[in-house]
Amino acid sequence: MTDAVAHTPKSKSELAIIITGVARDPLGLIGLVIVGAIVFSAVFAAWIVPYDPIAMNIPDRMQGPSGAHWLGTDQLGRDTFSRVIMGGQVALKVALPAIFGAMAIGLTLGMIAGYGPKWLDNFLMLLFDTIRSFPTVMFALAVVALIGPSLQTVVFVVMATSIPTYGRVARTQTLTLRNSEFILAERAMGASITRILGVHMLPNIIGVLAVLAAMDIPTVIALEAGLSFLGLGVKPPTPSWGALLKDGYALIRQTPWLVVGGGLPIVIATLGFTFLGESLRDVVDPKLRKNR
Amino acid sequence: MLLFTLKRFALAALILVVAVTIMFLMIRAVPGDPVSIMLGPRATPELKARLIAEMALDQSIPKQLMLYFGGLLRGDLGVDVFSGREVTTIVFEQLPHTLKLIFSAITWSAILGIALGCYAAAHPNTWIDRAAATISVSFIAAPAFVVALLSLLVFAVHLQWFPAIGVGEGFWGTAWHLVLPSLAIGLSWVGYIARLVRASMLEVMGESHIRTARAFGLSERRIIGAYALRIAILPVVTVIGVGMGFLLSSAVFTEIVFARPGLGKLVIDSITTRNYPIVMGAVLVSTGLFVISTALADLINALLDPRARTNT
C-alpha cells in the first residue's frame, strides 16, 4: 500500500515525475505528442481552421485535395480539413465530460459498495453486472431510439456504460484498503466515514481510475464517431469525425478523401491515447501491468 | 462443479431479469406516451388503440411488467408495429448472419493471435517480440468500423479485390463476402489475443511440469505446442466469452458499412422507421447472447481449472 501512496499524484513535483517517466518511454512520448497535438488543435480550433467548417460553398463542392483545400471538400463544398480540426473539438467535448462524469459517479458508488453494508454491495454489483451485460452499441442504439440523437445522448450513454467499470475498480481498491493499518488506525481514532473515504481512501484510488480513464478515451471517441457515422450521434451540420465518415461513405466513389479525413484522425487519436494510457499505467502503478 | 454451474446460471438468469426490467422501465420513463413515440407521425387512432391493447398499456406498470415477462418466457417478444409479424421470428431470421460474421472474425484472429503470442513467448525480448508488442497495441486501438470503412475504400472500391456489399451465395461466395467484414472485426483481437497468450505462456513456461518435460529432452516446439499451450490458452477462452458484447457491437457497424443483413442492420433500420418492438427485441436477444456466452466462458474455465470454481 505504501507504494500506491507514494505514487499518487498529489503535488506538482509528482506530476512532473510522472510526465518525465512517460516521456522516457518511446511509445509514451509518441502518445504524449499526439495527445498534446489533438488537445492543442481542439482548444485553438477556431484560429487554426482556414475556412468556416459549416459554411457551404456549392461551386467548390466535391473537390479533391489541393493547395486551397488540403483535404478537399464535401458534397456541400465545406472544407474537409477545417471539419477535421473542429471534429477533434467535438470528440473531446463528448469524451471528457462523459468520462469525468462516469469516473465521479463510479468512484462514489464503488466506494460505497466497498465500504458499506454487504446487501448494498451485492445490490450495486448486480446493477453493475447488468449494465455491463448490454452490448455497448446495442444499449446506445436503444437509448438513441428512445430519447433521440444528440450530443447529450452520446454523453449519457457513455456515462451509463462506463460507470460499472470505474465502480468495480473503485470497489476492489476500497475493499483492499479497508482493512489496511492506516485506515484501521483512523477508525480507532474516531474519524467519520466521509473523512475516511474522502481524505484517506480517495487519494489511493484516484490514480488507478485516472489511468483507466486515459485508456477509456479512445473507446469513447470511437463510440461517438460510430454513432455519428450511423447518423445517430451529434446532429448535422456539427462537424464530427463520424459525420465526415458518414458523408464519405455515402459518396465513397466520388469523395473518398472524406473517409480518409474522418478515419485517420480516429485511428491516430486512438493510438495516441492508448500509448499514453499504457505508459501512464506502467509509471503510476507497475502492479497493474498484467495481461492486457 | 454442479453447484458452481447452478449458481453461475442463476446469476445469469438474475442479470437477465434485471436487464429486461431496466429496459422496460426505460421505455416507460420516456416523456410522452410510448404509443405516439413508437408510431411517430404515422399514428392513426385505430393503430394507437390496437397497440395500447396489445402492449397492455392500459394496465398498471407492475402488471405490464409481469405480462412482459410472461411473454418472454413463451418466446414472445411482441409483434412488428407495421407488418404484424412476430418479432421473435424476425430477429432469429437475422441472427445467423451476425453469428457467422462474429465466428469467422474470432476464428481467424484467435488462430493468428495464438500463433503470434506463442512465437513471441518462445523468443522473448527479441526485436520480433518487440515489434509484435507494438503492433499488438496499435491493432487493439483500431476501432472496427474505421477499419471496415478504410478496407472498403482500399480493397473493395479502389482495388476491387473483394465485393463491397451483400453476403453472397454458396459456400465460396459467402466466404468471399466475409473476408473484409471479418478482417475489420478481427483485427483488434489479433493483438489482444497475442498479448494475452504471450503473457500466460511465459507464466506457464516457468512451471515445474514444463521443466520436467525439458528434463526429458522434449523439443521446445513440442513443449510449447503440446504442453504449455493447453494451459496458456485458458485466458483466451474467458476473453472471447466476455468479449461477446464487444464483438456484437463491432458487428453492428460492420454490417452497416458492408450492407450485410444481420442484427445490426435490423436495429438501425428499425430505429429509422421507429419500429420499436423490433429494436427492443434485437437488443434483448443480443444481451441474452452476451450473458450466456459470459456464463459459458466461466464454466469452461472452471472445468479446465478447478481453482476458478471457488471465486464466485
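The values are calculated or read from the model by the stated rules, or taken from the named source; none is laboratory data. All figures in this text were calculated on a predicted structure; none of them were measured in a lab. Neighbour counts run over all protein chains shown; Cβ positions are idealised from the backbone, glycine included.
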Sole residue being more than 30 Å from B:H177 (Cβ to Cβ), modelled with pLDDT of 75 or more and surrounded by fewer than 13 Cβ atoms within 10 Å (Cβ to Cβ), chosen from B:L6, B:L11: B:L6
Hits in the range A:187-231 (condition: free of Cβ contacts under 8 Å to residues at least 12 places away in the same chain and aliphatic (A, V, I, L, M)): A:A188, A:M189, A:A191, A:V199
Residue that is more than 13 Å from every other protein chain (Cβ to nearest Cβ), over 23 Å from A:G272 (Cβ atoms) and polar (S, T, N, Q), where the choices are B:S200, B:S182: B:S182
Residue selected from the range A:119-136 under the condition crowded, with 21+ Cβ neighbours inside 10 Å, at the interface with chain B (Cβ under 7 Å from one of its Cβ atoms) and part of a helix (DSSP H, G or I), by the criterion nearest to the chain's Cα centre (by Cα): A:T136
Whichever residue in the range A:202-253 is more than 18 Å from the chain's Cα centre (by Cα), of a type in the set (V, I, T) and part of a loop (DSSP other than H, G, I, E, B) and, among such residues, is farthest from A:Q173 (Cα to Cα): A:I252
Test: B:T238 is in contact (Cβ under 8 Å) with a residue 24 or more places away in the chain and touching a helix residue (DSSP H, G or I) at 6+ places or on another chain (Cβ under 6 Å): yes
Residue ID - nearest to the other protein chains (Cβ to nearest Cβ), chosen from residues in the range B:257-269 that are surrounded by fewer than 24 Cβ atoms within 10 Å (Cβ to Cβ) and either assigned to a helix (DSSP H, G or I) or free of Cβ contacts under 8 Å to residues at least 24 places away in the same chain (or both): B:I268
Meets criteria (of a type outside the set (D, E, K, R), more than 8 Å from chain A (Cβ to nearest Cβ) and surrounded by fewer than 24 Cβ atoms within 10 Å (Cβ to Cβ)) for B:G241: yes
Subset of the range B:217-232 (residues that are more than 18 Å from B:I111 (Cβ to Cβ) and surrounded by fewer than 17 Cβ atoms within 10 Å (Cβ to Cβ)): B:G217, B:L218, B:S219, B:E220, B:R222
Looking only at the range A:160-187, and only at residues there that are of a type in the set (A, V, I, L, M) and closer than 16 Å to B:I22 by Cα, the one that is surrounded by the most Cβ atoms within 10 Å (Cβ to Cβ): A:I163
Matching entry among B:V252, B:V283 (being hydrophobic (A, V, I, L, M, F, W, C) and under 15 Å from B:I90 (Cβ atoms)): B:V283
Hey, B:I128 farther than 30 Å from A:T255 by Cα, assigned to a helix (DSSP H, G or I), among the β-branched types (V, I, T) and more than 14 Å from every other protein chain (Cβ to nearest Cβ) or not: yes
Output for the range A:233-245, where each listed residue is under 24 Å from A:F139 (Cα atoms), surrounded by fewer than 23 Cβ atoms within 10 Å (Cβ to Cβ) and touching a residue at least 12 places away in the same chain (Cβ under 8 Å): A:K235, A:T238
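Do we have B:F145 as part of a helix (DSSP H, G or I) and more than 10 Å from every other protein chain (Cβ to nearest Cβ) here? Please lay out each step first, then the result.
Numbers: part of a helix (DSSP H, G or I): yes; more than 10 Å from every other protein chain (Cβ to nearest Cβ): no.
It is false that B:F145 is part of a helix (DSSP H, G or I) and more than 10 Å from every other protein chain (Cβ to nearest Cβ).
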Any hit, the range B:289-306, residues being out of contact with any Phe, Trp or Tyr (no Cβ under 9 Å at 6 or more places or on another chain), free of Cβ contacts under 8 Å to residues at least 40 places away in the same chain and either within 14 Å of another protein chain (Cβ to nearest Cβ) or part of a helix (DSSP H, G or I) (or both): yes
